[in-house]
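These notes are about the structure you will find just below.
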Amino acid sequence: MAKGRNTVFFCQSCGYESAKWMGQCPGCREWNTMVEEQVVTGAGKTAPKARGSVVSPEKSRPTALSEVSLREEERITTRIAELDRVLGGGIVEGSLTLVGGDPGIGKSTLLLQVCRNLAGDGREVLYVSGEESMRQIKIRANRIGDFNEHLKLLCETGLESIGEAIRRSRPNVVIIDSIQTVYHEEITSAPGSVSQVREATSAFLQLAKGLNVSIFLVGHVTKEGTVAGPRVLEHMVDTVLYFEGDRHASYRILRGVKNRFGSTNEIGVFEMRADGLREVPNPSEFMLSGRPRDASGSVVVCSMEGTRPILVEIQALVCPSNFGIPRRQTTGTDFNRVNLLMAVLEKRLGIQLGSCDAYVNIAGGIKIQEPALDLGIVMAIVSSFKNRPIDGNVIAMGEVGLSGEVRAVSMVPSRVQEAGKLGFTTCIVPYVCMESVRQSEGIRIIGVKNVGEAVDLI
């Protein structure tokens, strides 16, 4: 059969392949996501050399699970506690990790710091860059610190050349910055396209599993905040990490979206400085820094991110609207959830908010979707509406139902303990959680059954 080129349509969201263009993708049901690309077909089509060449025949045989042995040290610590927590205790050997985030958020800086720590421990690290020259990487490295000879640099975008360098040097950890710049010569589409990204990720997956090399892929994000390329990219890798936060601010949030070797509820908090990213050991104190005193519409709540309680400030601003349709805006929390809570206040307490503009913000730039914030949002809205400040030593937590009841939340003792550490003297919790909370010295526990009882405390 002769070698030829056919036109195929790929979905940019899920990677669905079709012979013709369609307005709606049958796979993910998204509209206008099909793009046209050319693929090589026939006898002349060749796959990347990395595919299938790194797995030995011995490893291809079926093996009983009881015969698989584990060494005591299966994870590589990065000596960055916040990153190790999100990864589940460190880097798993032979894992493939995708790191995404907005431009300038600190992805390359964090990974370069990881390279410095790993090289300092005597591990071989290969940093592959398709966006910077060696001189540019050296300039950025001088800002971070000193590096030794265990860190090797490679400025290359060809998939076969990168695969050959990995097989030849056999490093412990490989950084690919970024996956959108890697291309395979047999694929005619431009680097960063669906075909190129999928082919490159598949090749790196084979290299990671076959050579037992831990590989980090840096991925660009779209304007919606997701990794550019098909969603199948996230399904292929072992771990997906996202950097969140405003790149013009000093704080950064590292969140694990997918992790086959640990929890996806943990987050890492970093602060961007002139010499790189620095860990924030106490995020609650960091998030509450600069909090106003005796200001209406401000209340502190406690959110659980994995096993870590984090205290954040919820700010609300309610004022009469100058237009026929009031404006509602939220930052850091779910917009529809805030509208639902405002409807509960109107129906159950008779507070007329239909003619008021409402703005709700979680200070610090962190995004939280936990239902335990409901009670704090309700109290902040009522406080701003009545222009009555809430005591700065009060913290609230609880989920609010449609009938106005305050429902239980998880891990209340840990939340109360964290509040006590930061000097809060009063905790408003769901009444059904009173039995699980021990009365500790110096902190008062108030249980509420519905939003009416909580609003009466303002």
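Looking at the range 410-444 only, could you name the residues that are aliphatic (A, V, I, L, M), under 23 Å from Met342 (Cα atoms) and free of Cβ contacts under 8 Å to residues at least 40 places away in the same chain? Result: Val429, single match.
To keep it simple, each residue is scored yes or no on (1) within 20 Å of Leu233 (Cβ to Cβ); (2) free of Cβ contacts under 8 Å to residues at least 12 places away in the same chain; (3) assigned to a loop (DSSP other than H, G, I, E, B); (4) in contact with a helix residue (DSSP H, G or I) (Cβ under 9 Å, 6 or more places away or on another chain).
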{"position": "Glu132", "(1), (2), (3), (4)": "no, no, yes, yes"}
{"position": "Gln136", "(1), (2), (3), (4)": "no, yes, no, no"}
{"position": "Ala141", "(1), (2), (3), (4)": "no, no, no, yes"}
{"position": "Phe147", "(1), (2), (3), (4)": "no, no, yes, yes"}
{"position": "Leu154", "(1), (2), (3), (4)": "no, no, no, yes"}
{"position": "Gly163", "(1), (2), (3), (4)": "yes, no, no, yes"}
{"position": "Val174", "(1), (2), (3), (4)": "yes, no, no, yes"}
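Within the range 243-262, one or more residues are aromatic (Phe, Trp, Tyr), open to solvent by less than 40 Å² (accessible area, probe 1.4 Å) and modelled with pLDDT under 90. Would you pick out the residues in the range 237-269 that are over 15 Å from Gly100 (Cβ atoms) and of a type in the set (Phe, Trp, Tyr)? Within the range 237-269, Tyr251, Phe261 meet the criteria.
Confirm whether Leu402 is at negative phi and more than 32 Å from the chain's Cα centre (by Cα). Criteria not met by Leu402.
Candidates in the range 162-199 are the residues that are touching a His at 6+ places or on another chain (Cβ under 7 Å) and of a type outside the set (Asp, Glu); of these, the one that is most open to solvent (accessible area, probe 1.4 Å) is Gln180. The set of residues in the range 132-157 being under 28 Å from Glu199 (Cα atoms) and either surrounded by 15 or more Cβ atoms within 10 Å (Cβ to Cβ) or touching a Pro at 6+ places or on another chain (Cβ under 9 Å) (or both) consists of Glu132, Ile137, Leu151, Lys152, Leu153, Leu154, Cys155, Glu156, Thr157. Is it true that Arg167 is more than 27 Å from the chain's Cα centre (by Cα), part of a helix (DSSP H, G or I) and among the charged types (D, E, K, R)? Here the answer is yes, as Arg167 does meet what is asked. Annotation note: of Ile428, Ile445, the sole residue that is surrounded by fewer than 18 Cβ atoms within 10 Å (Cβ to Cβ), assigned to a strand (DSSP E or B), touching a strand residue (DSSP E or B) at 6+ places or on another chain (Cβ under 9 Å) and not basic (Lys, Arg) is Ile445. Among all residues of the range 411-420, there is none that is of a type in the set (S, T, N, Q) and over 26 Å from Thr307 (Cβ atoms).
The residues of the range 335-355 that are in contact with a helix residue (DSSP H, G or I) (Cβ under 9 Å, 6 or more places away or on another chain), open to solvent by 10 Å² or more (accessible area, probe 1.4 Å) and free of Cβ contacts under 8 Å to residues at least 60 places away in the same chain, listed by number, are Arg337, Ile351, Gln352, Gly354.
Assess whether Ala208 counts as being assigned to a helix (DSSP H, G or I) and in contact with an Asp or Glu (Cβ under 8 Å, 6 or more places away or on another chain).
Spelling it out, it is not the case that Ala208 is assigned to a helix (DSSP H, G or I) and in contact with an Asp or Glu (Cβ under 8 Å, 6 or more places away or on another chain).
Name the residue, out of Glu405, Glu453, that is surrounded by fewer than 17 Cβ atoms within 10 Å (Cβ to Cβ), within 30 Å of Ala343 (Cα to Cα) and modelled with pLDDT of 90 or more. From the options Glu405, Glu453, the qualifying one is Glu453. State yes or no: is Ser410 open to solvent by 10 Å² or more (accessible area, probe 1.4 Å) and assigned to a helix (DSSP H, G or I)? Answer is no for this residue.
Determine which member of the set Arg29, Arg61 is loosely packed, with under 10 Cβ neighbours inside 10 Å, modelled with pLDDT of 50 or more and among the charged types (D, E, K, R).
Numbers: Arg29 fails: loosely packed, with under 10 Cβ neighbours inside 10 Å.
Answer to the check: Arg61.
Suppose the filter is on the phi > 0 side of the Ramachandran plot, modelled with pLDDT under 90 and open to solvent by 30 Å² or more (accessible area, probe 1.4 Å); does Gly225 pass it? Taking the combined requirement at face value, the residue satisfies it. For Asn361, the conditions (1) over 20 Å from Asp294 (Cα atoms); (2) under 25 Å from the mean Cα position of the chain (by Cα) are fulfilled apart from (1). Of the residues making up the range 272-294, those that are at pLDDT 90 or above and either on the phi > 0 side of the Ramachandran plot or open to solvent by 30 Å² or more (accessible area, probe 1.4 Å) (or both) are Arg278, Glu279. Just to be sure, is Glu370 touching a residue at least 24 places away in the same chain (Cβ under 8 Å), within 13 Å of Val451 (Cα to Cα) and open to solvent by 10 Å² or more (accessible area, probe 1.4 Å)? Here the answer is no, as Glu370 does not meet what is asked. Condition check for Arg79 on (1) open to solvent by 10 Å² or more (accessible area, probe 1.4 Å); (2) over 25 Å from Glu266 (Cα atoms); (3) touching a helix residue (DSSP H, G or I) at 6+ places or on another chain (Cβ under 8 Å): one failure, at (2). Residue by residue through the range 301-328, note down the ones that are over 12 Å from Met287 (Cβ atoms), open to solvent by less than 40 Å² (accessible area, probe 1.4 Å) and aliphatic (A, V, I, L, M). Answer for the range 301-328, where residues must be over 12 Å from Met287 (Cβ atoms), open to solvent by less than 40 Å² (accessible area, probe 1.4 Å) and aliphatic (A, V, I, L, M): Met304, Ala316, Val318. Highlighted here are the strands (runs of 3 or more DSSP E) found entirely within the range 260-367 that include at least 2 residues which are more than 22 Å from Ile105 (Cβ to Cβ): 298-305, 308-320, 328-331, 356-362.
The values are calculated or read from the model by the stated rules, or taken from the named source; none is laboratory data. Small disclaimer: the values here were computed from a predicted structure and weren't measured. Ideal geometry is used to build each Cβ from the backbone, glycine not excepted, and the neighbour counts take in all protein chains shown. These area figures cover heavy atoms from the full protein model, side chains too; ligands, DNA and RNA do not enter into them. Shrake-Rupley method; radii C 1.70, N 1.55, O 1.52, S 1.80 Å.
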